[in-house]
Structure formats: structure tokens, C-alpha cells
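What follows is a structure written as C-alpha cells; I'll ask about it next.
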Amino acid sequence: MEADPKQFSIYHSGYREQVKKWPRNPLDDIIRMVKKQPSSYMVADFGCGEARLAREVKQRVHSFDLVAINENVTACNMKHTPLQSDSVDIAVFCLSLMGTDYPDFLTEARRILKPSGKLFIAEVLSRFEDKSAFLKGVERMGFLKEHERLLSDFFVIWSFRIVGSGRKEKGKGGKSAMPSLKGSVYKKR
């Protein structure tokens, strides 16, 4: 799907149909979380899809995805956004930790977040073989988990804040010391 607008459009069409079948959409919860923050905050939405977050909150939102599906989205590889270091108050990943290089996306979020920054992650719960290994990896990047909430039996939302220096720890072969995530498998309901 890398930078192929046609495949990206097909993916998002299927995604919209799938969302209609979910008992709850985690993006609705992310929107509520962002709305509770000061209106002066700057937000970076990684893997934004159609940039719904930007349309529904009062904060300024930079919406990033691999392909710009509309004029509100900046097309980029999420491990290299065009934002300056320490320029954003909140980084959001809502069902967007895709690919084996997802730790690089989190490292980029850490780079652009202000020292008081927050990280909101919503993901399909079944993608985590070892949720504690994932959380430890995020903490090694310089984040502290403040809150965890399960949404039905399908999704999890975490809220983190920045602490410490945020060094990216390395494992074998130079890869980030983060576990692989399983692919999302959508079940017929």
C-alpha cells in the first residue's frame, strides 16, 4: 500500500464499513480525550486516515498519513514528520501502529512532543501478544503510563506523559527493543 493512492482509498473504504460494525469506535474516545485539553494545545495525529480528529476538536491538529486522502492530511512517512522538535502538546496514534517500523513512529512522536507532552494510543487489544513488553518499550522511550482503559473486549486506550530523557533503547541487530504486533484481524459480527 506504500504511497499507492488507489490501494489507500480501497483500504479506507473497507475500514469505514468495518467501523460501522464495531460496538464502539476508539476514535470517539480519543476525540473526547483531546477535547478535555486546553484549546491552545497543538496535536499531531499519526495515521489520521480522513483527519476526523482535526475536524472535531478546537485544538490545531497536524494530520499525517502515508497518503493524503483529502486536503487536511499531510502525506509523509510517519517516522519523519515535517514538524520541529518539541513543538506539539499531544501525539495521537488511533489504530495506526502499523508496520514493523512502528517503534520509529513512536520515536518521532517523542521527538516532536514538548517536555510536558502527552501520548494517546488506541489499538486493537488482540494485536498484543505481550502487552507488558509493549508498555515497557514505550516507557524506555521516555513515557510514563498515566491511564489504561479497555473499550469493550476489542480495544485498549493508553494515555502517557513524557518523563526523563527519552533515550531510544536498542536490541539485537540495531532494532528498537519493542515487541512485534500482530496484524489486525476483523471478525464478522
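The values are calculated or read from the model by the stated rules, or taken from the named source; none is laboratory data. Predicted, not measured: the structure shown is a model, and the values here were computed from it. Backbone-built Cβ (ideal geometry, glycine too); neighbour counts: all protein chains shown. Heads up: the accessible areas ignore ligands, DNA and RNA and are worked out on the full protein's heavy atoms, side chains in. Shrake-Rupley method; radii C 1.70, N 1.55, O 1.52, S 1.80 Å.
What's the FRET efficiency of residue 116 with residue 35 using the Cβ-Cβ distance as r and R₀ = 25 Å, to the nearest 0.05?
For residue 116 and residue 35, the calculated efficiency is 0.85.
Also, quick follow-up: Given a Förster distance of 25 Å, report the FRET efficiency between residue 85 and residue 136 from their Cβ-Cβ distance, rounded to the nearest 0.05.
Efficiency at R0 = 25 Å is approximately 0.50.
Find the accessible area per residue for the stretch 19-82; the probe is 1.4 Å, ligands and nucleic acids are left out, and the unit is Å².
Per residue, the stretch 19-82 has 50 Å² of solvent-accessible surface.
When a/c is below 1.5 the answer is rounded, else prolate if a/b is larger than b/c, else oblate, so apply that to the stretch 58-109 with a ≥ b ≥ c taken from the square roots of the Cα gyration tensor eigenvalues.
oblate
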